[in-house]
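J.: Sharing a structure here in structure tokens format.
Any read-out appearing in this document is the output of simple, stated calculations on the displayed coordinates, not a laboratory observation. Note that this is a predicted model, so its numbers are computed, not measured. Neighbour counts are summed over all protein chains in view; Cβ atoms, including those assigned to glycine, are modelled from backbone coordinates with ideal geometry.
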Amino acid sequence: MSGRHLSRKFESELENLRRRILALGELVIAAIAKASSTLESGEEGPALEVIAGDQQVNALEVEVDELCLTMIALYQPTATDLRFITTAMKITTTLERIGDLAVNICRYSLELLRESKGAMDLEAPLTMAQQVQDILRDSLKAFIDWDIDLALATARRDKGIDRLYKANIWDAVSRMYGQELGIMNNIMRTFMVTKFLERIGDHAVHICEMVVFMVKGQIIRHQKATLDYLDEEFH
């Protein structure tokens with residue numbers, strides 16, 4: 001097989017890999033949206049769809065991993081191509097974990113609906129759900145476009161999600177005082193939903209960190225450098 005034919009085949013496989021990762025990303029983003037829909041509308045259907053469809057996320061994760069390993073074995077990529085493929089494998093694992101968190105959100109949302117006792121304050125989880133969908137979508141766009149500026153800007157936005165989560169902790173504690181057990185349980189369920197959403201935000205930041213590695217070959221996770229410092233260093 002000629003080198004040029006191999007190159008065309010490899011490029012086709014890379015494009016196929018991009019499409020599959022985007023498909024996996026859209027699945028988990030849709031799962032978050034459906035979980036939020038159940039909370040907002042009180043309809044169980046969207047949450048049940050997410051729980052039933054989790055196997056599809058798992059199957060696609062395995063499929064992408066196998067594709068990456070096959071490409072490494074067949075084409076022995078180097079430099080940026082190798083970083084792209086290895087980053088794709090890590091992002092796939094991260095997206096599968098986000099899918100699991102979306103399932104957890106759905107389970108708690110169903111419990112809230114089925115065992116509701118008194119009015120629930122859903123402003124924080126609904127706001128956080130929209131924000132994590134946005135930053136997750138932008139982190140994946142940064143990956144596909146090799147856009148380090150978008151990756152760093154997206155990672156910054158997680159601070160807003162963290163602020164909402166921390167505020168919700170104190171709000172939950174204050175509202176639990178003097179309440180009957182059923183209401184306290186639902187306040188805790190609402191708090192756990194925000195915890196899962198906060199973790200999804202962290203995973204989106206992790207994807208952004210992986211984009212920086214893919215583009216620059218520099219590992220920035222676990223470092224104390226601020227995003228402002230990184231902006232200056234990379235520009």
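J.: Just how many pairs of Lys in the chain have C-alpha atoms closer than 22 Å, counting pairs that are eight or more places apart or on different chains?
T.: For the chain, the number of qualifying lysine pairs is 13.
J.: Determine, for Tyr177, Tyr108, Tyr165, the number of other Cβ atoms within 10 Å of each Cβ, and report the residues in order from fewest to most.
T.: With the fewest neighbours first, Tyr177, Tyr108, Tyr165 line up as Tyr177, Tyr165, Tyr108.
J.: What does the charge dipole of the chain about its Cα centre add up to, to the nearest 20 debye, if the Cβ of each Lys and Arg holds +1 and the Cβ of each Asp and Glu holds -1?
T.: It comes to approximately 300 debye.
J.: Using +1 at the C-beta of Lys and Arg and -1 at the C-beta of Asp and Glu, which of Met184, Cys106, Gly201 has the Cα lying farthest in the positive direction of the dipole of segment 3-234?
T.: Result: Gly201.
J.: While we're here: How far apart, in nm, are the 7 Å Cα→Cβ label points at Arg163 and Glu66?
T.: 4.6
J.: Oh, and also: Assuming R0 = 41 Å, what is the FRET efficiency of Glu115 and Ile219, from their Cβ-Cβ distance, to the nearest 0.05?
T.: Step by step, r from the Cβ atoms, then E = 0.35.
J.: Roughly how tilted is helix 123-145, in degrees to the nearest 10 and between 0 and 90, from the longest Cα axis of the chain?
T.: Roughly 0 degrees between the two axes.
J.: Compute the separation of the alpha-carbon centres of segment 54-122 and segment 169-218 and state it in Å as a whole number.
T.: Here the two parts' Cα centres lie 17 Å apart.
J.: Moving on. What is the spin-label model distance, in nm, from Glu49 to Trp146 if the labels are put 7 Å beyond Cα along the C-beta direction?
T.: With each label placed 7 Å out from Cα toward Cβ, I get 3.6 nm.
J.: Against the longest principal axis of the chain, how steep is helix 79-114, in degrees 0 to 90 to the nearest 10, with axes from Cα atoms?
T.: Between the helix axis and the principal axis of the chain, the angle is about 20 degrees.
J.: Let me ask something additional. So what are segment 3-234's ellipsoid semi-axes, whole angstrom, largest first, if each one is the square root of 5 times an eigenvalue of the alpha-carbon gyration tensor?
T.: After scaling each eigenvalue by five and taking roots: 37, 21, 11 Å.
J.: With Cβ to Cβ distances under 12 Å as the rule, what net charge do the other residues near Val50 carry (K, R +1; D, E -1)?
T.: -2
J.: Just to verify a number: FRET efficiency for Trp170 and Glu26, C-beta to C-beta distance, R0 = 35 Å, to 0.05?
T.: It comes to 0.50.
J.: Distance in nm between label sites at Met188 and Ser12, each 7 Å beyond Cα in the beta-carbon direction?
T.: Between Met188 and Ser12, the label points sit 5.6 nm apart.
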